[in-house]
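Encoded as structure tokens, the structure appears first; notes follow it.
The values are calculated or read from the model by the stated rules, or taken from the named source; none is laboratory data. Just so we're clear, the structure is a prediction, and the values are computed from it rather than from any experiment. When we count neighbours, we look across all protein chains shown, and the Cβ atoms used for this are built from the backbone with ideal geometry, even at glycine. Side chains are part of the model used for accessible areas, which takes the heavy atoms of the whole protein and leaves out ligands, DNA and RNA. Shrake-Rupley method; radii C 1.70, N 1.55, O 1.52, S 1.80 Å.
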Amino acid sequence: MSERVAVIGLGYIGLPTAAILASHGHEVIGVDVNPKHVDAVNRGEVPFVEPDLGTHVAGAVSQGHLRAQADTPDADIYIIAVPTPFKDGNQADLSYIEAATDGIIPHLQGGELIILESTSPPGATQHLADRITAARPELTTNDAESDTNVDVAHCPERVLPGRVMVELVANDRIVGGLTPRAATRAKELYASFCRAEIHLTDAVTAEMAKLTENSFRDVNIAFANELSIIAERLGIDVFELIELANKHPRVNILQPGPGVGGHCIAVDPWFIVSAVPEEAQLIRTAREVNDSKPEYVISQVIGHLDGKDAPVIAALGLAFKPDIDDMRESPALEITRDLAQRLPGATVLAVEPNVEELPARLADFENVQLVGLTEALDRADVVAMLVDHREFKDFQGASELSAPVVDTRGVWR
Ligand code: SAJ
């Protein structure tokens with residue numbers, strides 16, 4: 001018999017997870033505080049862009065396997081997929097996880113399974129369990145044999161935005177239980193749709209595995225970003241340098257850029273740093289290197305202006321990575337905004353093929369315009385290549401440009 005699953009948080013991770021569970025026969029109730037998300041899902045629609053998700057949601061809703069509501073229902077299994085942003089001092093903000101837990105607590109009778117999917121600092125899963133037993137002392141979370149035990153596990157999401165529906169099925173999963181039984185039960189649930197391996201461990205190791213994956217990438221990108229600054233100093237091409245070094249069978253350096261954006265890699269390493277500040281020296285330094293790259297790019301652009309009055313700057317790309325419209329924590333957006341703010345006499349021509357209008361953070365600047373690529377290149381005194389969008393890679397006339405190009409992505413090298 002399939003179990004009733006409540007998924008708390010219908011965002012980039014919760015909604016795909018709810019939809020894929022529903023399309024594999026589970027009765028799924030999605031819960032979200034945002035009435036627009038709830039209404040969209042009940043109409044069979046998706047409130048954000050993610051390939052193939054629309055088909056899954058529409059199918060699951062029309063077959064009656066998925067519905068959404070504002071209140072947490074009674075369920076056999078609860079999956080928490082809410083944001084964990086960071087707050088002052090780069091500490092993880094657990095308030096969304098706590099609010100989701102508080103919504104579940106009145107429904108618990110013993111025997112339920114709660115899975116935390118949100119990216120979490122070490123100890124967050126135990127913190128969730130402690131919150132349950134503090135509110136309901138008759139329940140346990142560490143005594144799998146007891147009728148009044150609630151099983152608690154952490155199963156971090158690992159899917160790449162833009163490939164979520166593919167990677168949900170194809171990527172290995174890591175499940176960390178507060179007890180072995182919690183881990184085994186969570187594995188059974190994910191095995192209903194995940195075709196890859198599901199590895200069992202304890203909750204803190206699972207929490208750290210997720211943070212480690214994103215920190216590994218951050219450190220590797222920081223290495224590439226530091227190399228880009230070293231290469232410029234030495235007058236060599238960093239992209240050629242990395243290509244050549246990567247010919248070695250045991251070297252695999254990632255690509256430099258204008259900084260690291262998105263909601264994950266630019267955030268998650270701080271959860272390790274704030275948990276163990278003395279020990280996490282390299283991880284902290286990598287974050288600082290990547291966070292300082294936008295400032296370096298700004299100084300490169302300004303360096304090409306030669307003190308010119310009323311210069312025109314073309315900023316190519318605003319998204320945090322290629323071929324998407326997502327601008328969360330985007331270094332390209334930050335660079336564009338800072339140039340406009342610091343150079344009020346300049347005109348900044350933003351080119352972003354994936355949006356129709358300027359995002360709110362740029363809309364207030366009178367000296368920023370959203371224009372097409374050709375117009376920007378015709379008018380620019382200096383070009384900042386910030387995102388390697390397909391439209392920029394396909395452009396054929398780069399070698400004829402007279403304006404200098406600060407090519408952070410090596411698109412036109
Ligand atoms: N970037 C570089 N150089 C590179 C690769 C990336 O500068 O060589 C930049 C990108 O331009 C972007 C940022 O890093 O600004 C992050 O992009 P990304 O594509 O590396 O990763 P995300 O943030 O979209 O998704 C990551 C993924 N984690 C890993 O690959 C280890 C994904 O699997 C996670 O599920 C996701 O974080 C998450 O939700 O944590």
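With the structure loaded, tell me whether P51 is open to solvent by 30 Å² or more (accessible area, probe 1.4 Å), in contact with an Asp or Glu (Cβ under 6 Å, 6 or more places away or on another chain) and within 16 Å of the ligand (Cβ to nearest atom) or whether it fails that test. When the stated conditions are applied, P51 does not pass them. Taking the range 315-413 as the region of interest, the strands (runs of 3 or more DSSP E) fully inside it that hold 1 or more residues being touching a Leu at 6+ places or on another chain (Cβ under 8 Å) and open to solvent by less than 20 Å² (accessible area, probe 1.4 Å) are 347-351, 368-370, 382-385. Scanning the range 11-23 for residues that are within 16 Å of the ligand (Cβ to nearest atom), under 14 Å from V38 (Cβ atoms) and either open to solvent by less than 10 Å² (accessible area, probe 1.4 Å) or charged (D, E, K, R) (or both) yields a total of 2.
I'd like the full set of residues that are farther than 19 Å from H26 by Cα, assigned to a strand (DSSP E or B) and open to solvent by less than 60 Å² (accessible area, probe 1.4 Å), limited to the range 63-93. Correct list: A92 only.
Only one of (1) out of contact with any Phe, Trp or Tyr (no Cβ under 8 Å at 6 or more places or on another chain); (2) in the same structural domain as R163 (by TED's automatic domain parsing); (3) within 16 Å of the ligand (Cβ to nearest atom) is not met by G89, so which one is it? (3) is the only condition that G89 fails. Across the range 116-160, the qualifying residues are those that are acidic (D, E) and part of a loop (DSSP other than H, G, I, E, B), and the one among them that is farthest from R173 (Cα to Cα) is E138. Of the residues making up the range 142-158, those that are modelled with pLDDT of 95 or more and either open to solvent by less than 10 Å² (accessible area, probe 1.4 Å) or within 11 Å of the ligand (Cβ to nearest atom) (or both) are N149, V150, D151, V152, A153, H154, C155, P156. With a requirement of 2 or more residues that are touching a Cys at 6+ places or on another chain (Cβ under 8 Å) and open to solvent by less than 20 Å² (accessible area, probe 1.4 Å), the helices (runs of 4 or more DSSP H) lying completely within the range 166-268 that satisfy it span 180-191.
Here's the yes/no breakdown for (1) open to solvent by 10 Å² or more (accessible area, probe 1.4 Å); (2) touching a residue at least 24 places away in the same chain (Cβ under 8 Å):
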| residue | (1), (2) |
| --- | --- |
| I97 | no, yes |
| I104 | no, yes |
| G110 | yes, yes |
| A124 | no, yes |
| H127 | yes, yes |
| D130 | yes, no |
| T133 | yes, no |
| R136 | yes, yes |
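Scanning the range 364-413 for residues that are among the aliphatic types (A, V, I, L, M) and under 24 Å from the mean Cα position of the chain (by Cα) gives M385, L386, V387, V411. Please specify each residue of the range 329-366 satisfying the condition of being without any contact (Cβ under 8 Å) to a residue 24 or more places away in the chain and of a type in the set (A, V, I, L, M). Result: L358, A360, A363.
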